[in-house]
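Read the structure below first, then the notes.
The values are calculated or read from the model by the stated rules, or taken from the named source; none is laboratory data. Since the structure is predicted, the reported quantities are computational estimates derived from the model, not experimental observations. Here the Cβ positions follow ideal geometry from the backbone for every residue, glycine too, while neighbour counts run over all protein chains shown.
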Amino acid sequence: MREVGNVANLDLNLLVSLDALLQHRSVTKAARQLGLSQPALSAALARLRRHFGDELLYRVGNEYRLTPLAAELRQRTRLALEGVARVFSAQPEFQAVDSTREFTVLVSDYGLTVLGDTLTRLFTDAAPRARLRFRPTGPDLVGRAEHTLLGTDLMLVPHGFVTDLPHHDLYRDRWVVVASTDNVHIDEVLTVDDLVTFPWVVVFHGQTASTPATRQLRMHGIEPHIQVVTESFLSVPNLVAGSNRIAILQERLVQLLPLDAGIRTMQCPVDIGELVEAMWWHPVYDRDPEHAFLRDIVSLAASMSTGGEP
C-alpha cells in the first residue's frame with residue numbers, strides 16, 4: 001500500500017488527466033476537453049500507468065475499455081477532483097449574495113416534489129448568482145453514503161438507510177397503500193390477505209435497496225408478490241392505475257398528484273411506521289459556512305413546504 005505522504009511527490013495535474021481519460025475512455029477526446037495535445041496526454045497516461053502498475057485503458061477493436069482498477073477509480077477520481085476544487089475555493093467568510101458556487105443535493109423525485117419548488121425559490125433569492133444541482137438518489141450512492149457525501153453537499157433520504165453521519169430531521173410523512181380507482185376487487189378497508197394476494201409495484205428492490213415500508217412488511221411476515229420494480233416514486237401511480245396492482249407511497253406525494261391520477265389511497269392493515277425525511281452530510285462540512293448556509297435553506301424549505309416549525 002502506498003503511503004499518504006507519497007502524494008506530496010505527485011503532480012496533481014495527473015488527477016485532472018486521469019479523470020478526463022476515465023470519463024471519455026479516449027486519449028483524443030480527453031485531450032480535446034483539456035486543451036492539450038494528444039502526445040501530451042499520452043505521456044500523462046504513461047505516467048499514470050507506471051504509478052498504478054495497471055494499463056487503466058486497453059484497446060478492444062476500435063475502442064478503449066477500462067480495466068477493473070480503472071472502473072473503480074472512475075468515481076473516486078471525480079469525487080477527489082470535486083474535493084480539491086472545494087478546498088481551493090474555500091473562503092474565510094461566506095456571502096451568499098456574491099457566491100457563484102454550485103451546490104449539489106442528492107434527492108429522490110419524491111423529495112424533489114415535496115421540497116423542490118420552495119427550496120429553489122429560497123435558494124435563488126438568497127444566492128442569485130449561485131447554482132443548485134439536484135441529482136437523483138440510488139442504491140449505490142446511498143449504500144456508500146460517507147464516500148458519496150465527500151463530493152456532494154447533502155443527501156436527502158429517510159432514516160433507515162444511512163447511519164453514523166451528521167443529519168437533521170426535516171419532516172415526517174405517512175405511508176399509504178394505493179390501488180387503482182377502478183379496482184373493484186379491493187374494498188375500502190384493506191386486509192392482510194389483500195397485501196399477500198395482489199401484485200405489487202415497488203420502488204427499488206433488493207437486500208438494501210427497498211423502502212422502509214417494504215422492510216416493515218417483511219418484518220410482519222408479509223412478502224409482497226412483486227410484479228413491477230421502478231426507481232421513481234412518481235412513476236408508481238401510472239403503473240398502478242388501470243391495473244390490479246397495489247403499492248405503498250408517501251401520503252404527501254399522493255396529495256400533490258393531479259386529481260385524475262387514477263389511484264385511491266387506503267390505510268395499511270399492519271403498522272409500517274412513519275417516514276422521517278432527513279438531510280445528511282459528511283462531518284468534514286460541519287463548520288463549513290457555505291454548507292451551513294445550504295443546510296439552513298433546506299431546513300427552512302422543509303418547514304415552509306410541510307407546515308412545520310422553522
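Could you pull out the residue among THR77, THR100, THR104, THR137 that is closer than 23 Å to LEU165 by Cα, in a loop (DSSP other than H, G, I, E, B) and out of contact with any His (no Cβ under 6 Å at 6 or more places or on another chain)?
Every option except THR137 fails the conditions.
What residue, of LEU165, LEU141, is over 21 Å from SER305 (Cβ atoms), hydrophobic (A, V, I, L, M, F, W, C) and surrounded by fewer than 16 Cβ atoms within 10 Å (Cβ to Cβ)?
Values: LEU141 fails: surrounded by fewer than 16 Cβ atoms within 10 Å (Cβ to Cβ).
On inspection, the qualifying residue turns out to be LEU165.
For segment 89-101, state whether one or more residues are over 30 Å from MET304 (Cα atoms) and among the basic types (Lys, Arg).
Scanning segment 89-101 turns up no residue that is over 30 Å from MET304 (Cα atoms) and among the basic types (Lys, Arg).
Check ALA301, ALA292, ALA278 and return the single one that is touching a helix residue (DSSP H, G or I) at 6+ places or on another chain (Cβ under 8 Å), modelled with pLDDT of 90 or more, outside any loop (DSSP other than H, G, I, E, B) and within 26 Å of THR118 (Cβ to Cβ).
Result of the check over ALA301, ALA292, ALA278: ALA301.
Please count how many residues of segment 107-134 are part of a helix (DSSP H, G or I) and under 26 Å from GLU274 (Cβ atoms).
Going through segment 107-134, the residues part of a helix (DSSP H, G or I) turn out to be 109-126.
Next, from what is left, pick out any that are under 26 Å from GLU274 (Cβ atoms): 109-119, 122.
Count: 12.
Does segment 231-248 hold any residues that are out of contact with any helix residue (DSSP H, G or I) (no Cβ under 6 Å at 6 or more places or on another chain) and closer than 17 Å to PRO212 by Cβ, and which are they?
Selection gives GLU231, VAL236.
Pick out, from segment 184-262, the helices (runs of 4 or more DSSP H) lying fully within it that include 1 or more residues that are touching an Asp or Glu at 6+ places or on another chain (Cβ under 9 Å) and either in the same structural domain as SER305 (by TED's automatic domain parsing) or surrounded by 16 or more Cβ atoms within 10 Å (Cβ to Cβ) (or both).
192-197, 212-219, 251-255
Check segment 82-97 and report whether any residue there is loosely packed, with under 12 Cβ neighbours inside 10 Å, out of contact with any Asp or Glu (no Cβ under 6 Å at 6 or more places or on another chain), modelled with pLDDT of 90 or more and within 30 Å of ARG287 (Cβ to Cβ).
Yes, some residue in segment 82-97 is loosely packed, with under 12 Cβ neighbours inside 10 Å, out of contact with any Asp or Glu (no Cβ under 6 Å at 6 or more places or on another chain), modelled with pLDDT of 90 or more and within 30 Å of ARG287 (Cβ to Cβ).
Just one of ALA261, ALA213 is closer than 15 Å to TRP175 by Cβ and among the small types (Gly, Ala, Ser); which is it? Spell out how you get there, then give the answer.
Working: ALA261 fails: closer than 15 Å to TRP175 by Cβ.
The conditions single out ALA213.
Is there a residue in segment 140-154 that is farther than 30 Å from ARG264 by Cα, assigned to a helix (DSSP H, G or I) and among the small types (Gly, Ala, Ser)?
yes
Would it be correct to say that GLU102 is in the same structural domain as ARG252 (by TED's automatic domain parsing) and either out of contact with any Cys (no Cβ under 7 Å at 6 or more places or on another chain) or closer than 26 Å to GLN255 by Cα (or both)?
So GLU102 passes the test.
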